[in-house]
Amino acid sequence: MNSIKKEVIIIGGGPAGLAAAVRLYEQGVRDLLIVEREKTLGGILRQCIHDGFGLTRFKEVLSGPEYAQRFIAEVERLNIPYVLDTTVLAVTSDRQVTAVSRNGLVTWEAKAVVLTMGCRERTRGALGIPGERPASVFTAGVAQAYINLYNTMVGKNVIILGSGDIGMIMARRLTLEGANVKAVLEILPYPSGLPRNIEQCLNDYHIPLYLSHTITDIHGRSLLTGVTVSRVDERLQPIPGTEKAYECDTLILSVGLIPENELSLGAGVELDARTRGASVDEHYQTGVAGVFAAGNVLHVHDSVDFVSLEAEKLADAVARYVRTGSLPKCDIKITTSPEIGYTVPQSISGTQDVQLSLRVKRPFRNCSVEVVQEGATVGSVKLKKAVPAEMVKVPIAWQQLRTTRDLEVRLQC
Amino acid sequence: MASKYDVLVIGAGVVGSAIARELARYELKIGVLEKNLDVCYGTSGRNSGVIHGGFVYDIGSRKAECCVEGVLEFDKVAKELDIPFKRTGKVLVGNTEEDYKNLEKTIAIGKINGCIGLEMVHKQQLHEMLPAVVGEFAMFSPMSGIVDPFQYTIALAENAKVNGADFYFNHEVASIRRQNDNTYTIITTLGEFDTKWIINSAGLGAVKISEMIGISGYKLVGKKGDYIILDQKVGHLLPMPVYPVPINTDMGVHMGTHLTPTIDGNVIVGPTGDAVDDLHYYGVSQGNMDYLAESASILWPHIHKSDYIRNYSGIMPAWLNGENEMKDFIIEARTQAPHTINLIGIESPGLTAALPVARRAVKLLAERETLRPNNRFDPNRKGIVRFAAQSDAEKARLIAANPDYGEIVCRCEKVTKAEILQAVHNPLGVDTMTGIKYRTRAMMGRCQGGYCQMRIAQIIREELCKDVTEVLYARNGSNLFVGKVRE
């Protein structure tokens, strides 16, 4: 099979891929192609018909499709090439991208490959929830697609496990469509989603949120008939004797997102066990030369604005890489103290300013995140409160760095 | 008016489907009554998917005889039915002196049973064969293999169907009336059927059917096993099934928690072994999942919760005699119940032994009835060509001939629209979501349908002109949707 040469192949036409494409084009990279498996561009935003998108970036309240449309319109206006209904089957470490569509198989040979495949939802099976396996146990995104894209109503009496943002948004959506959302259960002692969603999606509709609770049994042979809910202790283990039965015909799971890195692994990209995304340097380059990643395939974001902004930074680096064939080496590793979940990027060059994205592992009040090199603070940010649901950004000015020794990110309270 | 048959088979598990296929070699009007909406919904679809060697069954037993016959012929069967089968071999791994003696005993029994090639392998050899496995030595059975139980049962049933057998799903037998001429009327939840012969292969329901045809006294106990399925990522660490040394229990030989690769590269951990009275409860317990991970990790320390993709359980219908001893397969034609063949206690190794069991059942019938061969019988069946299993050149050819092969519906398992469409229009007329799943593997991957299930539900609706409320997940009453969001 002959391969077609391209400067840049972007895998995935969601917000990260679209933002990267537009910025690459603006930077003068014209020989690029967005490869999208769906019938339209936009990624997961197509089904996110609620508002709240774009506050940081556009200072406007947009729905998901509106947000996507801003970028799609740019892609169309600039005539940036894309293919739809085309699924990438494999990426190699020498940047060959093989895809399939109704037209057949095609292989592109790219100078740079941009991984923007997004993430998938953690499932019941991945969580290992015990019980029977009736119909009507859905992940939140699947229920959202059924309702918003396929005009199909999934149930009437609903329990939601997990206080992730999509779960809370679905609590509101289902309520608005006439379903009775009986409860949202969260195993942790604090919510997983954003505070604004607790207000606007649960409290406004009097939907109770039970923290430190989880589902310990699922009932129903054909269709879901109910669940058993238990309180959990500090070690997140169910406390015997606290079981409570709920009747319901639908269970929605909002229990986490997993970056979808099967293609990345095939290309030899090493993942960071903490993010389950690639380990990248400040150029968003993975361990495989010329393969870059941004957006939810890299680490799960709290807001789409940060996805598109991150993808634009990636695009700047990719443009430079395509022009010059290389990028400054990033030998300064970033380690984290136990309170910090992870950082992205995981290494920097020390030759330019960077902004670290990170999350704390549990809620903190009145603290500061500090980046330390050999005892000296080289970047910090003060926070009134820090919660795992919200990403924290910490700028590091390169002039502050004195050596090429590793950095450690710490939390000071 | 009741439909008239020469033979009605009750139960479309792997054995019932095999019987229907073997009966189709003769000029007979054959029907299969199944209470579920597809084949393979009971024990047949809920096991380890291992084609067994035959070394743990009592010498001279039907289990031993049928199992060895089954394992030896399986290459031919897989070829005829166009199903994937891998003769992977299998090991029973031991550590103690007692284990060693037990394995030597197992080899001795196996040899008498007719197993081929059983041998002890020592630590070094074991390590070379299976670097990811922990143990001092093992018994190796080169003939053992793995199969997809869904594909196998579906293939048998489809082959029976194209050779003339009728399948009736959603037809649960409510009662059976024997007529004066010793023929039968079977009353089901969806109508009546007249038949001369009844073959009871109802698996977990076999005692109930047995009593309906006038043979009482059997007692079933459920041997329930919970399983965990692991991601294909770890599949390369397990090229063949790995078992501990079997232990004798009052429930018969328990094979212990083992690890089995699937045809598609996943790893199955299980089963547990609980005796249960409820033969319909398929729930998996937290305690059992924890036990599985812990006990299997001793043999194969690569079980991480982050690789879990699903769990399931199966129940095997074992029958106990008056002394509560686990007994052999029953395949019988009793004079007290003329024109019936009664199958009881077809548990493991029922998957391996399905065709041998079927042939014995058909033989009993042939000894009592003049049968004429069906000259049009074709033992060969073609399955759905799977895109993911093809070379790039073949993939390109498939798409050129049918562009639907270029449209990936299931992202994880790379199942194309062409395959989904063939599955939706399957020869047996099954129209559930799980029917598509078992025929194509769509929704079986690590995202468990997160990407494709909406598309598949939509394709079912469009292709079969179903109302939104008519899409079923697996069973009656498992309607996926309560209606439209907006009219």
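The values are calculated or read from the model by the stated rules, or taken from the named source; none is laboratory data. Keep in mind the model is a prediction, meaning the values are calculated, not measured. FYI the Cβ positions are ideal-geometry reconstructions off the backbone, even for glycines, and counts take in every protein chain you see.
Those helices (runs of 4 or more DSSP H) of the range A:81-186 in which 2 or more residues are crowded, with 24+ Cβ neighbours inside 10 Å, within 14 Å of chain B (Cβ to nearest Cβ) and in contact with a helix residue (DSSP H, G or I) (Cβ under 7 Å, 6 or more places away or on another chain) occupy A:140-148, A:165-176.
Of all the residues in the range B:291-346, those that are basic (Lys, Arg) and away from every other protein chain (no Cβ under 14 Å) number 2.
The sole residue among A:ARG231, A:ARG196 that is modelled with pLDDT under 95 and basic (Lys, Arg) is A:ARG196. Taking the criterion of being at the interface with another protein chain (Cβ under 7 Å from one of its Cβ atoms), in a loop (DSSP other than H, G, I, E, B) and surrounded by fewer than 19 Cβ atoms within 10 Å (Cβ to Cβ), the residues of the range B:454-481 that qualify are B:ASN476, B:GLY477.
For the range A:196-224, taking the residues that are assigned to a loop (DSSP other than H, G, I, E, B) and crowded, with 21+ Cβ neighbours inside 10 Å, the one that is farthest from the other protein chains (Cβ to nearest Cβ) is identified as A:ILE207.
In the range B:399-420, the residues that are more than 14 Å from B:VAL385 (Cβ to Cβ) and more than 7 Å from chain A (Cβ to nearest Cβ) reach residues that are in a strand (DSSP E or B) and modelled with pLDDT of 95 or more with C-beta atoms within less than 6 angstrom, at least six apart or across chains, in these pairs: B:VAL409/B:VAL415. The strands (runs of 3 or more DSSP E) located wholly in the range A:302-413 that include 2 or more residues which are without any contact (Cβ under 8 Å) to a residue 24 or more places away in the chain occupy A:376-386.
Conditions (1) closer than 24 Å to B:ASP6 by Cβ; (2) crowded, with 23+ Cβ neighbours inside 10 Å; (3) within 17 Å of the chain's Cα centre (by Cα), marked per residue:
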site: B:MET326; (1), (2), (3): no, no, no
site: B:PHE329; (1), (2), (3): no, yes, yes
site: B:GLY345; (1), (2), (3): no, yes, yes
site: B:THR352; (1), (2), (3): no, yes, yes
site: B:ARG359; (1), (2), (3): yes, no, no
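Residues in the range B:202-216: is at least one surrounded by 24 or more Cβ atoms within 10 Å (Cβ to Cβ) and under 27 Å from B:SER144 (Cα atoms)? Yes, that holds for at least one residue. On the stretch given as the range B:279-315, residues that are in contact (Cβ under 8 Å) with a residue 40 or more places away in the chain and either in contact with a Gly (Cβ under 7 Å, 6 or more places away or on another chain) or within 10 Å of B:ASP226 (Cα to Cα) (or both) total 16.
Table: residues versus (1) buried (at least 22 other Cβ atoms within 10 Å of the Cβ); (2) free of Cβ contacts under 8 Å to residues at least 60 places away in the same chain.
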| position | (1), (2) |
| --- | --- |
| A:GLY226 | no, yes |
| A:GLY241 | no, yes |
| A:ALA245 | no, yes |
| A:GLU260 | yes, no |
| A:GLY268 | no, no |
| A:ASP272 | no, no |
| A:ARG276 | no, yes |
| A:GLU282 | yes, no |
| A:GLN285 | yes, yes |
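When the residues of the range B:331-343 are filtered to those that are hydrophobic (A, V, I, L, M, F, W, C) and assigned to a loop (DSSP other than H, G, I, E, B), the one that is surrounded by the most Cβ atoms within 10 Å (Cβ to Cβ) is B:ALA337.
Could you tell me whether B:ALA275 is at pLDDT below 95, crowded, with 20+ Cβ neighbours inside 10 Å and either over 19 Å from the mean Cα position of the chain (by Cα) or not in a loop (DSSP other than H, G, I, E, B) (or both)? Can you show your working first?
Working: at pLDDT below 95: yes; crowded, with 20+ Cβ neighbours inside 10 Å: no; either over 19 Å from the mean Cα position of the chain (by Cα) or not in a loop (DSSP other than H, G, I, E, B) (or both): yes.
It is false that B:ALA275 is at pLDDT below 95, crowded, with 20+ Cβ neighbours inside 10 Å and either over 19 Å from the mean Cα position of the chain (by Cα) or not in a loop (DSSP other than H, G, I, E, B) (or both).
Condition check: touching a Phe, Trp or Tyr at 6+ places or on another chain (Cβ under 7 Å), within 23 Å of B:TYR438 (Cβ to Cβ), buried (at least 21 other Cβ atoms within 10 Å of the Cβ) and hydrophobic (A, V, I, L, M, F, W, C). Does B:ALA423 satisfy that? Against the criterion (touching a Phe, Trp or Tyr at 6+ places or on another chain (Cβ under 7 Å), within 23 Å of B:TYR438 (Cβ to Cβ), buried (at least 21 other Cβ atoms within 10 Å of the Cβ) and hydrophobic (A, V, I, L, M, F, W, C)), B:ALA423 does not qualify.
Quick one: would you say B:GLY222 is of a type outside the set (Asp, Glu), within 28 Å of B:HIS280 (Cα to Cα), under 19 Å from the mean Cα position of the chain (by Cα) and surrounded by fewer than 23 Cβ atoms within 10 Å (Cβ to Cβ)?
Numbers: of a type outside the set (Asp, Glu): yes; within 28 Å of B:HIS280 (Cα to Cα): yes; under 19 Å from the mean Cα position of the chain (by Cα): yes; surrounded by fewer than 23 Cβ atoms within 10 Å (Cβ to Cβ): yes.
Considered against the rule, which asks whether it is of a type outside the set (Asp, Glu), within 28 Å of B:HIS280 (Cα to Cα), under 19 Å from the mean Cα position of the chain (by Cα) and surrounded by fewer than 23 Cβ atoms within 10 Å (Cβ to Cβ), B:GLY222 comes out as yes.
Per-residue answers, yes or no, for (1) crowded, with 16+ Cβ neighbours inside 10 Å; (2) out of contact with any Gly (no Cβ under 9 Å at 6 or more places or on another chain); (3) of a type in the set (A, V, I, L, M); (4) part of a loop (DSSP other than H, G, I, E, B):
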position	(1), (2), (3), (4)
A:ALA21	yes, no, yes, no
A:LEU24	yes, yes, yes, no
A:LEU41	yes, no, yes, yes
A:ARG70	yes, no, no, no
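Filtered by the rule that a residue be in a strand (DSSP E or B), more than 22 Å from the chain's Cα centre (by Cα) and not polar (S, T, N, Q), the range A:1-19 gives A:ILE4, A:LYS5, A:LYS6, A:GLU7, A:VAL8.
Run down B:GLU211, B:GLU136 and say which single residue is of a type in the set (Asp, Glu) and farther than 30 Å from B:HIS280 by Cα. Walk me through it before giving the result.
Values: B:GLU211 fails: farther than 30 Å from B:HIS280 by Cα.
Every option except B:GLU136 fails the conditions.
Between B:ARG446, B:ARG439, the distinction of being among the charged types (D, E, K, R), more than 7 Å from every other protein chain (Cβ to nearest Cβ), over 19 Å from B:ILE384 (Cα atoms) and surrounded by 22 or more Cβ atoms within 10 Å (Cβ to Cβ) belongs to B:ARG446 only.
Annotation for the range A:269-284: no member residue is at pLDDT 95 or above, β-branched (Val, Ile, Thr), outside any loop (DSSP other than H, G, I, E, B) and closer than 30 Å to A:ARG57 by Cβ.
For B:GLU332, the test of being over 30 Å from B:GLN422 (Cα atoms) and in contact with a helix residue (DSSP H, G or I) (Cβ under 8 Å, 6 or more places away or on another chain) is passed. Based on this model, can you work out whether B:PRO373 counts as more than 30 Å from B:ARG46 (Cα to Cα), within 14 Å of another protein chain (Cβ to nearest Cβ) and surrounded by fewer than 24 Cβ atoms within 10 Å (Cβ to Cβ)? Judged against the criteria, B:PRO373 is not a match. Of the residues making up the range B:126-185, those that are of a type in the set (D, E, K, R), within 30 Å of B:PHE55 (Cβ to Cβ) and in contact (Cβ under 8 Å) with a residue 24 or more places away in the chain are B:GLU136, B:ASP148.
The listed residues are B:ILE263, B:ILE229, B:ILE268, and the only one of them that is at pLDDT 95 or above and in a loop (DSSP other than H, G, I, E, B) turns out to be B:ILE263.
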